[in-house]
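Each remark here refers to the structure printed beneath this line.
What follows is calculated from the coordinates using simple rules that are stated; it is not laboratory data. All values reported here derive from a predicted model rather than from experimental measurement. Neighbour counts are summed over all protein chains in view; Cβ atoms, including those assigned to glycine, are modelled from backbone coordinates with ideal geometry.
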């Protein structure tokens with residue numbers, strides 16, 4: 001396997017590190033039925049949060065390197081659109097979802113009971129769900145563009 005193959009494998013693995021937690025975290029959170037289960041779910045997702053950060057950095061490095069060695073640069077529309085959608089996804093997750101999630105985590109950790117999940121949590125998570133869906137749809141669009149390379 002040459003340099004191109006190695007970079008491509010690293011790029012794909014990094015994309016899995018970014019996409020996996022972003023798709024799994026909402027599923028893990030929705031599975032919680034009590035406050036203690038929800039706190040446990042947040043503990044798990046907090047541990048998973050490092051993967052997208054590392055994966056994102058690797059994606060940038062390997063993607064840039066792949067663009068250089070293939071001499072592609074920014075000449076392909078599918079690549080430019082993928083980069084634009086990736087930036088939009090980063091803003092959505094980092095700027096809109098994460099700050100709201102921190103407030104929700106505070107609500108959950110302040111509820112001392114073992115019983116039902118606070119109503120305030122349900123309302124707050126309902127406001128984040130469309131943002132999470134939007135970021136997941138952006139991820140799908142990016143994957144399709146990277147695999148199909150339509151234009």
Given points 7 Å out from each Cα along the Cα-Cβ axis, report the residue 134 to residue 53 separation in nanometres with one decimal. 2.4
Rounded to the nearest 0.05, what FRET efficiency is calculated for residue 84 and residue 13 with R0 set to 30 Å and r the Cβ-Cβ distance? 0.85
Using the alpha-carbon centroid of each, what span in Å lies between the stretch 13-44 and the stretch 64-92? 28
Roughly speaking, what % of Cα-Cα pairs in the chain are separated by over 28 Å, rounded to a whole number? 30
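Using per-residue counts of other Cβ atoms within 10 Å, averaged over each peptide, order 39-48, 54-63, 71-80 from highest down.
54-63, 39-48, 71-80
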Per-residue [θ]222 nm for the chain (sum of -39500 (n - 2.57) over DSSP H runs n ≥ 4, rounded to 500): -27500 deg cm²/dmol
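Given the Cα-Cα distance of residue 106 and residue 146 and 0.36 nm per residue of separation, how much length would full extension add, in nm?
Going from the current span to full extension adds 10.7 nm.
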Rounded to the nearest 0.05, FRET efficiency between residue 60 and residue 119 (Cβ-Cβ, R0 35 Å) equals 0.30
Set of the stretch 107-146 residues, backbone N closer than 15 Å to the point 7 Å along the Cα-Cβ line of residue 77: 145-146
